[in-house]
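The values are calculated or read from the model by the stated rules, or taken from the named source; none is laboratory data. Here the structure is a predicted model, which is why all the values come from computation and not from measurement. Quick reminder, even Gly has a Cβ in these numbers, built from the backbone with ideal geometry, and neighbours come from all protein chains shown. The accessibility values were calculated without ligands, DNA or RNA, using every heavy atom of the protein model including side chains. Shrake-Rupley method; radii C 1.70, N 1.55, O 1.52, S 1.80 Å.
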Amino acid sequence: ARYRWSSRRNRGRPYPPGPPAYPVVGNIVKIPPKGPWLKFAEYKKRYGDLVYFQGLGNSILVLNSAKVINDLLDKRADVYSHRPELVVAGELMRLDQGVGSLPYGREWRTQRKLCAVALSATAVKQYYGVQEDAAALLAKALVTSPESFTGHVRLAAARIVLTVTYGIPVKSFDDELVKLAEDTMDVVTEALVPGTFLVDFLPFLKILPSWMPFHQYGRRGKALLDELMNSPFERVKRNMDLGEAPPSLTQHLLGTKFEGMSNIEHSMKWATGTMYGAGGETTYAVVMIFILAMALYPEKQWKAQEEIDALLGGNRLPIVADRDHLPYVSALIKETMRWYPVVPLSLPRMTAEDDVYEGYFVPKGTIVMPNVWSVAFENNAKYPPEQFIPERFLDEQVSTPDPASWLFGFGRRICPGIFLAENSVFVLIATILTAFDISPPPDGELKPEFILNLISYPKPYDCQILPRSDAAVRLVEARALQCNL
Ligand code: HEM
């Protein structure tokens, strides 16, 4: 019904362009449920930076360039800072209680403030040691069992957020909490791409019986989410009662007096739980893309190693503070983020009221998808976008925007974890480059397949990760002995 209303309100103004529509179902059925960003990038060629879909009472606006994304999400933040109200992810799984999915309003603001206690640009400095330890332990594990690199990387990413948010130590990638986050994110990130479930476009289908697959999926997601929000949080509370909780965001918040705030424990639980879910998977995804790129582009890897060797002289592993002194490694990390953006559609938004942009009418309740995939692949005659070329970021004649300006989102809902994430990604990647050579599997081809959810990254693939030298192994082992995690 949303659309019928809006058709009276548009006062003759056209909707943004989009593919031709069928009666009733409109053109919304042309959005593929898996990996729609690829199709959207194709539509960009035909329809431009704005592509509009409608039908079945819904409207969706895809934003295909940095300019339109910034014009709307940054400059018109009052209108574009809501999240879509999804049936499966929101109503059935109840994800809509957490900072990532809450509507733009009071509870959202409270949870953002709680996150900022640990994630602000200043606060993240206290975690350099945690990040460097996690990187050293990752390197140690890669020496011992390189074939399990997928699990080791997952553990390293989870370790950092678990320590920051809950102060909970984990020893292996089989740890319950690491698995729980992985399972939860698999389910949740699938449900978060609007269009995965028809019921998101046709909410009245909710009345269908409870054995329908989307209901079952919703129940599974809700059970996992309940567990993810409660289990680590309650563990910190128990440890605090025993006087044994190490410093962490949760421990700090639980020990702070919040005057006049009702239900603050609920807000804490959902803020920290969302951080754990959002922060582990994304960091993991970027490192997995990096390993893949290194296997495919060895000469870029060698160049980065040369720069690291010149700085560190083989005497130590990198630390977060080395970032400013390693311009090529920094460019290689930017290229990793650009070459395969792990959140291709960012996180969708929803308009809070009717809007008009460049003469086009955008109704209230429109789901807005910033297609950062298109931004990443903007045409560039000198450096073809599908190739992995870190040099594009060092060439003063060609301006390529830093992917950090779009990969972490926009405006008031920009990722609050950006500072922590950038440091983690740097120290994990720089440490791997320092101590290992990555190459394709000796027998067989490297042909990765990708998980096409809201967070997109390669499915487990084979590749060879070997220490660069005996000296590198000794360095890693000595550094790992000093870890506190
Ligand atoms: C490479 C790693 C990461 C990437 C690529 C990433 C990307 C994003 C993106 C695209 C958004 C949506 C922003 C928007 O709507 O404009 C987001 C939101 C969010 N991220 Fe991250 N993120 C990363 C790491 C982290 C980390 C480490 C944490 C916390 C420990 C975190 C916590 C959050 C939270 C809580 C939100 C929800 C913000 C809101 O809706 O207001 N992220 N992230």
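Placing R0 at 60 angstrom, the Cβ-Cβ distance between Phe204 and His252 gives a FRET efficiency of 0.85 after rounding to 0.05.
The relative contact order of the stretch 119-259, computed from alpha carbon pairs under 8 Å that lie at least 6 residues apart in sequence, is 25 percent. Pairs of alpha carbons in the stretch 76-136 separated by more than 20 Å make up 47% of all such pairs.
Averaging over all projection directions, the Cα-based convex hull of the stretch 1-114 occupies 8.9 nm² in the image plane. Take every pair of alpha-carbon atoms less than 8 Å apart whose residues are at least six positions apart; their mean separation over the length of the stretch 269-410 yields a relative contact order of 23 percent.
In this structure the amide hydrogen of Phe410, modeled in the peptide plane, comes within under 5 Å of the amide hydrogens of Cys415, none closer than 5 places in sequence on its chain. Take the Cα radius of gyration of the stretch 318-422 and divide it by 2.2 N^0.38 Å, N being the number of residues; the result is 1.28. Listed peptides 35-48, 52-65 appear in the order 52-65, 35-48 once ranked by packing, highest mean of other Cβ atoms within 10 Å at the front. Fraction of C-alpha pairs exceeding 15 angstrom in the stretch 124-166: 38 percent, rounded to a whole number. Taking 0.36 nm per residue of separation and subtracting the Cα-Cα distance, full extension of the segment from Glu244 to Lys34 would add 71.0 nm. Computed with a 1.4 Å probe over protein heavy atoms only, the accessible surface of the chain comes to 43 Å² per residue. Sorted on the mean count of surrounding Cβ atoms within 10 Å across their residues, most packed first, peptides 347-354, 391-398, 454-461 read 347-354, 454-461, 391-398. Convex hull volume per residue, computed on the Cα atoms of the stretch 428-485, equals 115 Å³. Taking the centroid of alpha carbons for each part, the stretch 90-115 and the stretch 370-384 are 32 Å apart. Computed on the chain, the Cα convex hull volume stands at 161 Å³ per residue. Within the chain, the selection of entire DSSP H helices by a Cα span of 27 Å or greater along the long axis and an average Kyte-Doolittle value of at least -0.5 returns 264-296. The equivalent ellipsoid of the stretch 269-370 has semi-axes of 39, 18, 13 Å, largest first, where each one is the square root of 5 times an eigenvalue of the Cα gyration tensor. For the stretch 228-275, which trypsin sites (Lys or Arg not before Pro) pass both filters: DSSP loop (anything but H, G, I, E, B) and at most 14 other C-beta atoms within 10 Å? The qualifying sites are Lys257. Normalised by the number of residues in the chain, the mean separation of alpha-carbon contacts (under 8 Å, six or more apart) gives a relative contact order of 24 percent.
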